[in-house]
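The values are calculated or read from the model by the stated rules, or taken from the named source; none is laboratory data. This is a predicted model, so every value here is computed, not measured. Note that each Cβ is placed from the backbone with ideal geometry, even for glycine, and that neighbours are counted across all protein chains shown. When the accessible area is computed, the model is the full protein with side chains, heavy atoms only, and any ligands, DNA or RNA have been set aside. Shrake-Rupley method; radii C 1.70, N 1.55, O 1.52, S 1.80 Å.
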Amino acid sequence: VQLQASGGGLVQAGGSLRLSCAASGRGFSTYNMGWFRQAPGKEREFVAAHSWSGGRTYYADSVKGRFTISRDNAKNTVYLQMSSLKPEDTAVYYCAARGGYGVGRQVYEYDYWGQGTQVTVSS
């Protein structure tokens, strides 16, 4: 599966953005989907995930209550709605797909990656 992330940009602190990740190829509805981010000089970190089975969602503590992950299987797209953005949310955001059961919170657990979209939050 190929993934294409979009929707990043520059926003002031307290603002909102919605990221999209469009998937091409077959079987999107049976992939667990995740969002990760990587700030300059830091390792890529887990942000949120959405399971294909049961529709469960998972979040990093740092974004819980502010970000919402959702998916539209008819459109082969996963979204990340980000609200109450903070300067520390500035990073390149990546979407990823993981086959099988269970979502992952580690980079190595995902099979496919999008190219990333830059999110910059100004103070």
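Where the second residue is among the hydrophobic types (A, V, I, L, M, F, W, C) and part of a loop (DSSP other than H, G, I, E, B) and the first is more than 14 Å from Ala22 (Cβ to Cβ) and lies in segment 109-121, which pairs have Cβ atoms under 9 Å and are six or more apart or on separate chains?
Close Cβ pairs (under 9 Å, with a partner that is among the hydrophobic types (A, V, I, L, M, F, W, C) and part of a loop (DSSP other than H, G, I, E, B)) amount to Glu109/Val103; Asp111/Val1; Val119/Leu85; Val121/Ala13; Val121/Leu85.
Out of Gln106, Gln81, I need the residue that is open to solvent by 40 Å² or more (accessible area, probe 1.4 Å) and under 12 Å from the mean Cα position of the chain (by Cα). Which one?
Result of the check over Gln106, Gln81: Gln81.
Out of everything in segment 14-31 that is among the polar types (S, T, N, Q) and assigned to a strand (DSSP E or B), what residue ends up being least open to solvent (accessible area, probe 1.4 Å)? Let's see the steps before the verdict.
Keep residues of segment 14-31 that are among the polar types (S, T, N, Q), which gives 16, 20, 24, 29-30.
From the residues that got through so far, the ones that are assigned to a strand (DSSP E or B) too are 20, 24.
Numbers: Ser20: 27, Ser24: 54 Å².
It comes out as Ser20.
Just to verify a result, which residue in segment 32-42, among those that are outside any strand (DSSP E or B) and at pLDDT 95 or above, is farthest from Trp52 (Cα to Cα)?
Gly41
If the Cβ limit is 6 Å and pairs must be 6+ apart or interchain, which residue in segment 56-69 that is without any contact (Cβ under 8 Å) to a residue 24 or more places away in the chain pairs with which residue that is assigned to a loop (DSSP other than H, G, I, E, B)?
The qualifying pairs are Arg66/Ser83; Arg66/Ser84.
How many residues are open to solvent by less than 20 Å² (accessible area, probe 1.4 Å), of a type outside the set (Val, Ile, Thr) and closer than 17 Å to Leu3 by Cβ if we restrict to segment 52-78?
Here the count works out to 0.
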